[in-house]
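Q: Below is one structure. I have some questions about it.
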Amino acid sequence: MERLSAGIRLGAVFIGSVFLGACASNHHSGTSNHASVAIMGLAGQASTAETTTNGRVTTSTDTNAYHAQVVQASKSGQTACVKAEVQSGKMVYHSTIAPPGTFQVQSQHSTDAWRCVDYSNGGQQVWALLDTNATGTAVNAEPLGKGLLGIRINQTEDKHFLKVESLVPLSAAEESGLLQSGDLIVAIGEGKDGEMTPTSGQTLQQLVAQMRGEPGTFARLSIMSPGTAGTRDVLLERREQTAEQQVAIQQQQIDALAIKDNSGQFLSPYTSDGVTAEWVNKTINVSMGKATGSAVGGIAGAYAANKVLENVPFGGMLGGFLGSKAGKAVGGNTALEASGGWDFIRSSSDISFNSMNDMARWLATTHSGKSNFVDVIKAADKIYPGLQTAVANSAR
């Protein structure tokens with residue numbers, strides 16, 4: 001169980017929320033450490049919770065209601081979601097169990113998005129838009145088995161088949177070499193000779209329940225690959241997820257953020273071989289001698305704030321805000337000129353990203369151990385204002 005707990009804590013880095021990782025970790029380790037999920041002041045005193053319910057949504061000034069929903073969702077293969085905001089100077093948490101069909105997964109965070117743990121899809125942590133007024137109730141299903149095949153799936157638009165989106169690293173599915181993204185699962189059977197049940201006409205929850213089971217047991221999948229005729233059967237062993245696999249999953253998710261060329265909107269301050277891009281070096285050299293003791297205030301403040309608040313729910317959010325108040329951005333035109341201009345920036349970069357948050361998460365995970373990291377992020381923030389705060393929010 002400790003391996004599962006450690007793995008889920010690693011998953012909290014992907015979320016960017018100490019709070020969500022703490023809830024999941026406490027559940028899987030079998031403990032109920034409310035101190036780690038209660039709202040704590042800087043003096044360490046927990047505040048009295050104020051909780052209300054409106055339809056399917058619970059609103060509370062502490063996280064115990066959401067913690068209970070995470071436990072319920074993990075046992076029944078459902079999806080637990082949370083969204084936080086500040087009301088009258090207090091952090092408030094809106095949480096719910098989202099029935100299938102009432103949420104839409106988003107590729108990245110938006111203002112209206114909720115943070116969800118989707119236990120119908122292997123505990124995947126996603127941003128999603130919720131229809132909190134949609135009809136439907138949570139299903140009281142039997143707890144799902146801990147054995148996983150290692151396939152990330154979605155139903156096709158017509159609901160007839162399951163589409164393989166990707167394979168989990170170090171899983172039975174990946175190691176078999178028999179599946180790839182885009183394959184369609186058309187039927188599922190238990191064991192080597194169990195009856196095959198078509199995927200058509202079943203909900204995603206029902207299909208996930210058939211694919212999961214006790215570790216060491218087998219599931220048989222009828223697979224149809226694009227561009228080929230007929231189907232083939234693939235037999236896979238269900239395995240319990242390990243801490244080593246969680247680390248590999250996290251790295252896979254981070255690696256997928258980076259575009260391996262300079263075609264993206266945001267250009268990395270580090271190149272693919274791990275050295276500082278030339279446009280960053282130019283910016284740093286121009287700034288040499290001009291810095292004062294507060295020159296690294298922005299990012300240092302952000303990291304310091306995160307360290308103070310690392311046990312506070314959504315502490316990264318607060319830390320980023322405090323850190324951003326500590327520094328001031330240099331004028332965009334001056335910084336751009338110092339770095340050599342957009343043509344030079346693009347020509348000296350070979351990694352790029354579709355969003356600043358993607359770049360921040362990749363930088364915080366991949367390069368934060370480098371001795372020049374603070375200076376590099378400070379220089380890049382002059383070209384991409386707000387990057388320091390985004391990186392601080394991605395810090396562990």
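Q: Tell me which aspartates and glutamates have Cα within less than 20 Å of K75's Cα, excluding those fewer than 8 residues away on the same chain?
A: Candidates past the 8-residue exclusion: E2, D118, E142, E214, E240.
Q: Applying a 10 Å radius around every beta-carbon, put 339-345, 170-176 in order of their mean neighbour count, most first.
A: Top of the packing list down: 170-176, 339-345.
Q: I'd like to compare 272-285, 84-97: which one has the highest average count of other Cβ atoms within 10 Å, and what's the full order after that?
A: Ranking, from highest mean packing down: 272-285, 84-97.
Q: Straight-line reach from K382: which aspartates and glutamates fall under 20 Å, measuring Cα to Cα and dropping same-chain residues less than 8 apart?
A: E278, E337, D343, D350, D358
Q: List the trypsin sites (Lys or Arg not before Pro) in the range 150-245 that DSSP assigns to loop (not H, G, I, E or B) and whose Cβ has at most 16 other Cβ atoms within 10 Å. Which are they?
A: K159, K192
Q: Report, by chain and number, residues whose modeled amide H sits under 5 Å from the one on T102, excluding near sequence neighbours (fewer than 5 apart, same chain).
A: none
Every number in this text was worked out from the coordinates using simple rules, so none of it is lab data. Since the structure is predicted, the reported quantities are computational estimates derived from the model, not experimental observations. Here Cβ is always computed from backbone atoms with ideal geometry, including for glycine, and neighbour counts include all displayed protein chains.
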